[in-house]
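The structure appears right after this line, and notes come after that.
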């Protein structure tokens, strides 16, 4: 009976070990083993925070917050897959452009990003990464469960030992996309493999967007509202009220702002067109565009007016005095976000 109880209470190896002890020693040794096993099985709240398995994949979802409804259709499946399926074997971050420090870090690390974009790495440093473009994300996000299955399939490949290069090759095969409501021929160009340049000197030359707002004081209230919204979106914004302090030399500060800018937004109205300040800022911006080729000029028509001849060749924003619409369109232009709607599958 004793042997039967031991066999039922302990794993086979421990039961065999107990058989080697004399009968009078066995109860004490058995009690010791039982205590050790109970301690091992006891679960404490602190154990819940321990990571039970190593992370296999790292995902960063960059979004703007402009198309919130459509971007949420992508973010929710990402976070659901992480929370309920992958758990600790995957890490998922959703970073909005308003999180300026984190968004800048990603912009510098991965280069110019068109949002929304999904980035995948197999290490936390993400030295090598796969980038999934917005068009493919919208296609996957438009069908229930598609995005979760897409992530799970990639995750399994890496978990089974595939490198990112091998995963990228798999994404270029019809076999990978079997079972998805995605036309295989449309995937080409929407997935790319990237490698981070570890040369810090070259990385330091990557410039974050700086938006200079050129305007006349008669339009100050509107421009102030646009500046605040752009700042909230995480875009570095040069607005004279914020940058020029008492005692500063105005021309030097404006010259400094224009030299740092990557985009110049020119607010056009009858007052602005007649303003010498706006004319000088426009001419300086146009000269920098011609000489460097790196400055973006974005005209915004606030009220109907004569468009300066030198700006007539530029596509303009014409939304009246709605500051939110103006800021959204400026952000789209700076981040190169097209207004093309996502492709959605028609239900027969």
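Computed from the coordinates by the stated procedures, all read-outs in this text should not be read as laboratory data. Predicted, not measured: the structure shown is a model, and the values here were computed from it. Heads up, the Cβs are rebuilt from the backbone with ideal geometry, glycines too, and the neighbour counts pull from every protein chain shown.
Looking only at the range 287-307, which residues have a backbone nitrogen under 11 Å from a spot 7 Å from the Cα of residue 316 in the C-beta direction? Inside the label zone: 299-307. Judged by the mean number of other Cβ atoms found within 10 Å, the most tightly packed of the peptides 169-178, 55-64 leads the ranking 55-64, 169-178.
Remark on the range 210-335: Rg and Dmax equal 13.3, 38 Å (Cα only). A straight chain from residue 144 to residue 262 at 0.36 nm per residue would run longer than the Cα-Cα distance by 38.5 nm. Over the range 114-199, the ratio between the Cα radius of gyration and 2.2 N^0.38 Å evaluates to 1.06. Tell me, how many Å apart are the Cα centres for the range 155-176 and for the range 217-259? That distance is 48 Å.
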